[in-house]
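Quick notes on the structure that follows.
The values are calculated or read from the model by the stated rules, or taken from the named source; none is laboratory data. As the structure is a prediction and not an experimental result, all values here were calculated from the model. Positions of Cβ are backbone-derived with ideal geometry, glycine not excepted, and every protein chain shown enters the neighbour counts. What goes into the accessible areas is simple: the full protein's heavy atoms, side chains included, and nothing from ligands, DNA or RNA. Shrake-Rupley method; radii C 1.70, N 1.55, O 1.52, S 1.80 Å.
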Amino acid sequence: MKLSVIIPAYNEEKTIAEIIRRVQAVPLADIEKEIIVVDDGSTDKTREILKSIPEIVVIFHEKNFGKGGAVKTGFEHASGDIVLIQDADLEYDPNDYPDLLAPIRSGLADVVYGTRFLGNKPHRIFNFHHYLANRFITFFSNLCTNLNLSDVEVGYKVFTRNVVDAIAPRLKSRRFGIEVELTARVAKHHFRIYEVAVSYAGRSYAEGKKIGWKDGVAALWHIARFNFLG
């Protein structure tokens, strides 16, 4: 069995080498790891750092397409039986991989989402307004998909090969709308979805966080768009 780990990266010179090291270090019995980094037009030293790291696949976008564009490129190059999206910062811990993969490996799930809001995994406390925005976006997404997710914007999303083959050709989102689009596509196909608690070391805007309030507003439009307009 092979796991493809897709890492979208844009101007992550401070974290890219460390997150790749952590992904490589995670022990996964009987699973081969394929690490695919999609550099989304970085203008800092991210590209130079990636060129120096062995045993990874790197795809370079000549301009910035956004996380959605990078994820779609990663899907197109992934060859694994299971495909996992890993953010390039250090907010999510690859040591959670065994828990994320377990429902798929046991044959119970086609899709696994992490969740920052359930379970007893450690997570950094941040702005209450961000929490409310996340909860409202998740509520609106659930209302439209008839799912009962607790964290639709979570960075950890895992898919079987069949799911990727079904949804990847139709993906349209360029920026962070990819999170709710993936959910809408999965819901329309009635795939089996599980949630698993993950740890979260969120970073502030001063530390490099990129998603903003405009992306939150856009997410509501994308939810309506991909659930009702195709």
Local electrostatic count at residue 93 - Lys and Arg +1, Asp and Glu -1, tallied over other residues with Cβ under 9 Å: 0
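Using a 1.4 Å probe on the protein chains only, how many percent of the accessible area of region 1-135 belongs to carbon and sulfur? Display every interim value, and only then the final one.
Details: 3340 of 6410 Å².
So the carbon and sulfur contribution to the accessible surface is 52 percent.
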For the chain, calculated [θ]222 nm from helices alone, where every DSSP H run of n ≥ 4 adds -39500 (n - 2.57): -11000 deg cm²/dmol
For the chain, with +1 on Lys and Arg beta carbons and -1 on Asp and Glu, the positive-most of 95, 29, 176 along the dipole: 176
Label-point gap, in nm, between residue 32 and residue 44 - each point 7 angstrom along Cα→Cβ: 3.4 nm
Assigned charges on the beta-carbon of Lys, Arg, Asp, Glu; the chain dipole about Cα centre (debye): 620 debye
Cross-link pairs 14/63; 14/45; 51/72 - those with Cα-Cα distance over 18 Å: 14/63; 51/72
Antiparallel content of DSSP bridges confined to the chain, in %, to 5: 25 percent
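Please report the antiparallel percentage of DSSP beta bridges with both residues in region 81-211, rounded to the nearest 5. Numbers along the way, then the final one.
On the way: 7 of 13 bridges.
Beta bridges within region 81-211, antiparallel portion: roughly 55 percent.
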Top of 33, 67, 188 by mean-square fluctuation, Gaussian network on the chain, Cα under 10 Å: 188
Region 75-107-region 133-193 distance, computed between alpha-carbon centres (Å): 15 Å
Relative packing of peptides 172-185, 47-60 - highest average C-beta neighbours within 10 Å first: 172-185, 47-60
Mean Kyte hydropathy of -1.0 or more with a Cα span along the axis of at least 24 Å, helices from DSSP in the chain: 128-145
Heavy-atom surface of the chain, accessible at 1.4 Å and reported per residue (Å²): 47 Å²
Estimated FRET transfer efficiency (residue 224, residue 56; beta-carbon r; R0 35 Å; 0.05): 0.40
